[in-house]
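Visitor: I have a structure here, written as structure tokens, and I will follow up with some questions on it.
Please treat every number below as a calculation from the coordinates, not as lab data. Bear in mind the structure is a predicted one, so any value in this text is a computation, not a measurement. Quick reminder, even Gly has a Cβ in these numbers, built from the backbone with ideal geometry, and neighbours come from all protein chains shown.
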Amino acid sequence: MAKGNVTVSEIKTEENENSAVSEEYAYLDRGGFSSEKYKIEVRGLPKFYGIAELKKLMNQKLSLNTSKIKRPKNGSHWLYACFQNDEERTKAIEALNGYSWKGKTLIAEVAKPAPDPLVRKRKQEEDSNGQEKKKKEDSNKSQEERLADATTPYWNVPYDEQLKLKEKEIKHILMKFDNEIWKIAKERRTSIEAQRKNHNGLSFELKPIQKSPVTEGYRNKCEFTVGIDEETKLPTVGFRLGSYATGTVAVAPIQSLIHISEPTKKAVLLFQEFVRASGLAPFSPADYSGHWRCLTVRHSHHSGDIMLIVTMHPQDLTPEGLGKIKKELAEHFSSDESVACNVKSVYFELFTKRRVGEDAAKPEYVTGATHIVDTILGRQFRISPQAFFQINTAGADILYQSAIELSQVTKESTIVDICCGTGTIGLCFAKHCGKVLGLELIAEAVKDAKANAELNNIENCEFFTGKAEDILPSVLARATGEDIIAIVDPPRAGLHTRAVTQLRNTKKVKRLIYISCSPASAVKNFIDLSRPSSKTLRGAPFLPVRAVPVDMFPHTKHVELAILFEREEKSTPDLVETTPQVEDNIPNENVNVECKNENHVSI
């Protein structure tokens, strides 16, 4: 039977398609805030800019209330910005569209929300072609192999070949940096070209990659997800087989992974037993139901001690119910089996919307020791639940020793450790220099740094709390002598532009060691340190002299990089000293503002 020129089957097909489309966007009306709901696309961005700069433009200068910025991996000339409601989104479009920033005119428009990846993937698999494609992709790979591919993509590549691949990638990144400097520093082109003949195409020396002393079971910190194993259908503590964005929420066990230590694997199984016996379901990112969210395991490779941080979503649990769970956790991890596994410390935290600084959720102590202790270059460091600590302890020995050698430090030197975390780098430098001045955003980390100095009987170190871009001038004012060396080990995104400006404009900083766990993300910092002087960057540039890649992450694509920059020697007429008086600018050490991001180690 027909209705006009449209058949009943066509009407039903259209209704089914509309129903499927609405299902893909049903998550927008589900409980909880989604950053996809009020999203805009911003195009026409400049070639080089920092996310921190863009946030400052939006949130401070234009008084916008941005909840999230999503920049694509491939390309930086456009991005998405998300807001809390339609009114804020409309305000953002009016403010940004046509706005001139860094010589570029921005374009801002409403962006459609992304469809639910899980729903879309299910629809594709229901299609016969999708099923055949999926079977073809998965037929030859076990769940163990798929998990290894997701977490350690080089797991089946010989280690020497891994190092060659990483060296090639590092050189590619540094060539990109070198070429940018060649473009913008016209007066240095002759020198750059001459140096390239000596350094195999680079204007500075790239040392051979340093091997990790250990390649298996090297991670001293892992963050595991609690979810459902798609094979056993049981609650499992492990790693995702893929991201939610790819339509994957299944969790696979980690017993076969080569980069996780055996004690960590045993601790994971102990917690998995607890989860399965609890009667509470794992948290589901698909519909926000369930309780158990994740488990963080910190393992001291020096003492063997293990710290656990259990995270759960409270849902409708009462305080009494939560108290019962914490009591059961304490009992479970006081068992003989747990003691044999060296679980020495247990913390508990509730999952809430991710926040930083004073508003961030703090893990609650449950049982055992409040800290565990590990060792780098003979120095002992206490590790608290949220403390930053290099995830490859043996590799950190190599990385920090490389930094010491690059720096040409002497007993007359003052080290300024920027984003010092719990003081690991500065305290390793302490016996080689006259003084160490550390600055760090997180107040708890500064407390740990001071405790670590006391633990190692080190008296020539001082640590300060605050944003690097805010307190760096005042900390530098405390530096005495002629040989001031800055050490920078920032979060993955790099150092704030204002901090780079302060370093450039402080002429007594002669050398700088930049350590990066994501060199590709730090290229903008490298360029700003090295670009010619300007009205903003008044100080003479820092020129790259030597770079040392260190493999801290065997079987993955990640690599750590340390670069020595030296201040250009030629005199600069408008080089100025911008360090104000000390007593007026060091904030109270209880001020809680952030520099080191814990995500720095979540690789």
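Visitor: Return Leu64, Leu163, Leu512 ranked ascending by Cβ neighbour count within 10 Å, so the fewest neighbours appear first. Write down the numbers at each step before the final one.
Guide: Values: Leu64 18, Leu163 21, Leu512 24.
Placing the least packed residue first, the sequence is Leu64, Leu163, Leu512.
Visitor: Rank by packing, highest mean first: peptides 556-565, 213-222, with packing defined as the count of other Cβ atoms within 10 Å averaged across residues.
Guide: Details: 556-565: 22.5, 213-222: 19.1.
So the order, starting with the most tightly packed, is 556-565, 213-222.
Visitor: Amide H to amide H under 5 Å from Thr422: which residues, 5+ apart in sequence or cross-chain, H placed 1.01 Å off N in plane?
Guide: Correct list: Phe388.
Visitor: About the Cα centre of region 39-110, how large is the charge dipole given +1 on each Lys and Arg Cβ and -1 on each Asp and Glu Cβ? Please answer in debye to the nearest 20.
Guide: Numbers: 14 positive and 7 negative charges, 87 e Å.
Using Cβ point charges on Lys, Arg, Asp and Glu, region 39-110 gives about 420 debye.
Visitor: Right, another one. Students often check this: by mean Cβ neighbours within 10 Å, which of 258-265, 230-237 ranks highest, and how do the rest follow?
Guide: Sorting 258-265, 230-237 by mean packing, highest first, produces 258-265, 230-237.
Visitor: Under the Karplus relation 6.51 cos²θ - 1.76 cosθ + 1.60, θ = phi - 60°, what is the ordered set of whole-Hz ³J(HN,Hα) values for region 96-103, x standing for Gly and Pro?
Guide: 8, 5, x, 6, 8, 9, 6, x
Visitor: About the Cα centre of region 259-370, what is the dipole size in debye to 20, counting +1 per Lys and Arg Cβ and -1 per Asp and Glu Cβ, all else neutral?
Guide: That gives region 259-370 a dipole magnitude of about 240 debye.
Visitor: What are the principal axis extents of the Cα atoms in region 221-376, in Å, biggest first?
Guide: Its Cα atoms span 41, 38, 33 Å along the three principal axes.
Visitor: Give, as a single signed number, the net charge of other residues whose beta carbon lies under 10 Å from the beta carbon of Trp182, with Lys and Arg counted +1 and Asp and Glu -1. Working shown, then result.
Guide: Details: positive: Lys183, Lys186, Arg188, Arg189, Arg196; negative: Asp178, Glu180, Glu193.
Once all neighbours under 10 Å are counted, the net charge is +2.
Visitor: Please give the per residue volume of the convex hull enclosing the alpha carbon atoms of region 133-250, rounded to a whole number of Å³.
Guide: 189 Å³
Visitor: Any idea what the dipole of region 405-488 comes to, in debye rounded to 20, about its Cα centre with Lys/Arg Cβ at +1 and Asp/Glu Cβ at -1?
Guide: Working: 7 positive and 13 negative charges, 24 e Å.
Using only the charged Cβ atoms, the result is roughly 120 debye.
Visitor: For Trp155, Trp78, Trp292, which order do you get if you count the other beta carbons within 10 Å of each Cβ and list the fewest first?
Guide: With the fewest neighbours first, Trp155, Trp78, Trp292 line up as Trp78, Trp155, Trp292.
Visitor: List every residue whose amide H lies under 5 Å from the amide H of Asp305, counting only residues 5 or more places away in sequence or on a different chain, with H placed 1.01 Å from N in the peptide plane.
Guide: Result for Asp305 returns Ser300.
Visitor: Related question: Report, to two decimal places, the Cα Rg of region 39-110 normalised by 2.2 N^0.38 Å (N = number of residues).
Guide: Numbers: Rg = 10.9 Å, N = 72, 2.2 N^0.38 = 11.2 Å.
My calculation over the Cα atoms of region 39-110 gives 0.98.
Visitor: Take the residue pairs Lys362/Lys447; Lys166/Lys535; Lys39/Lys102; Lys61/Lys183; Lys164/Lys507; Lys168/Lys411 and return only those whose Cα atoms are more than 27 Å apart.
Guide: Lys166/Lys535; Lys61/Lys183; Lys164/Lys507; Lys168/Lys411
Visitor: For the ranges 488-500, 100-112, what's the packing order if you count other beta-carbon atoms within 10 Å of each residue, average per peptide, and put the highest first?
Guide: With the highest mean Cβ count within 10 Å placed first, the list reads 488-500, 100-112.
Visitor: Same structure again: Loop-only check: which trypsin sites (Lys or Arg not before Pro) in region 400-440 are DSSP coil with at most 13 other Cβ within 10 angstrom?
Guide: Filter output for region 400-440: Lys411.
Visitor: Listing Cys428, Cys294, Cys433, Cys420 from the residue with the fewest other Cβ atoms within 10 Å to the one with the most, what is the order?
Guide: Working: Cys428 25, Cys294 18, Cys433 22, Cys420 30.
Sorted ascending by nearby Cβ count, the order is Cys294, Cys433, Cys428, Cys420.
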